[in-house]
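Values in this text are rule-based calculations from the coordinates and carry no lab data. Treat the numbers as computed from the prediction; the structure is a model and nothing was measured. Cβ: placed from backbone, ideal geometry, glycine included. Neighbour counts: every protein chain shown.
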Ligand SMILES: CC(C)(COP(=O)(O)OP(=O)(O)OC[C@H]1O[C@@H](n2cnc3c(N)ncnc32)[C@H](O)[C@@H]1OP(=O)(O)O)[C@@H](O)C(=O)NCCC(=O)NCCS
């Protein structure tokens, strides 16, 4: 599923372009993957698992375009991808009303409102796709993300210990959160 690019004003007075990633963004997406993996321990991505190639990203963009139950949206400053968010739907009949979401923004662009814009787009798109419940997992120390999700009405659905294990041997737990879209108006 594709959405056209649209400009939004950020808190620093600059514009961000929000839209479905295009084939020409593949290299930028690979750079984004590497950057956020390096910059934060809050994501599951670790460079121990390898990096994404341009080829991987081209495959990802095509998959997102073709899939009826998945969706991806990029945030770009100029031609540079600085953020990415996605919806991963489920195929099986009894769970296809639910989806998992993910969001990542490069550190230099935190706190400018990009997370809020991407989340707005995800919620609107999930409704358009007829989804009834958005779900996610968030590192229990990730205050910024938890605040963002609460701002959009996500509720706590429980905590699981020892979900991430880091190179120094320490562990972190994850909260599951969900947003019920039933009864919310479509935009
Ligand atoms: C979490 C993340 C997506 C937030 O994106 P962002 O663009 O910085 O968020 P915004 O500027 O739109 O702020 C959205 C809300 O997040 C919360 N927030 C943002 N920065 C915060 C901070 N430093 N401390 C506390 N809350 C914060 C606030 O509730 C804020 O709403 P407000 O501006 O109305 O107060 C971003 O920091 C990120 O990508 N982090 C690394 C990857 C990650 O953790 N992804 C989430 C995995 S579950």
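Here the label points at residue 12 and residue 162, each 7 Å from Cα along the C-beta direction, are separated by 4.1 nm in the simple model.
Between residue 53 and residue 185, the FRET efficiency estimated from the beta carbon spacing at R0 = 35 angstrom works out to 0.25. Remark: the residue 63-residue 100 segment gains 11.7 nm on full extension, using 0.36 nm per residue and subtracting the alpha carbon distance. Using every pair of separate Cα atoms, the Kirkwood estimate puts the hydrodynamic radius of the chain at 17.1 angstrom.
In percent, what relative contact order does region 83-171 have, based on Cα pairs under 8 Å that are 6 or more apart in sequence? After rounding, I find 25 percent. The mean sequence distance of close C-alpha pairs (under 8 Å, at least 6 residues apart), as a share of the length of region 1-125, puts its relative contact order at 25 percent.
When the P(r) is computed for region 1-112, the part past 21 Å accounts for 39% of the Cα-Cα pairs.
Using R0 = 25 Å, the C-beta based FRET efficiency linking residue 38 and residue 127 works out to 0.15. Rounded to the nearest 500, the helix-only mean residue ellipticity at 222 nm of the chain stands at -8500 deg cm²/dmol, with each DSSP H run of n ≥ 4 adding -39,500 (n - 2.57).
Directionally averaged projected area (region 52-135, Cα convex hull): 6.2 nm². For the pair region 124-187 and region 33-49, the centres of their Cα atoms are 18 angstrom apart.
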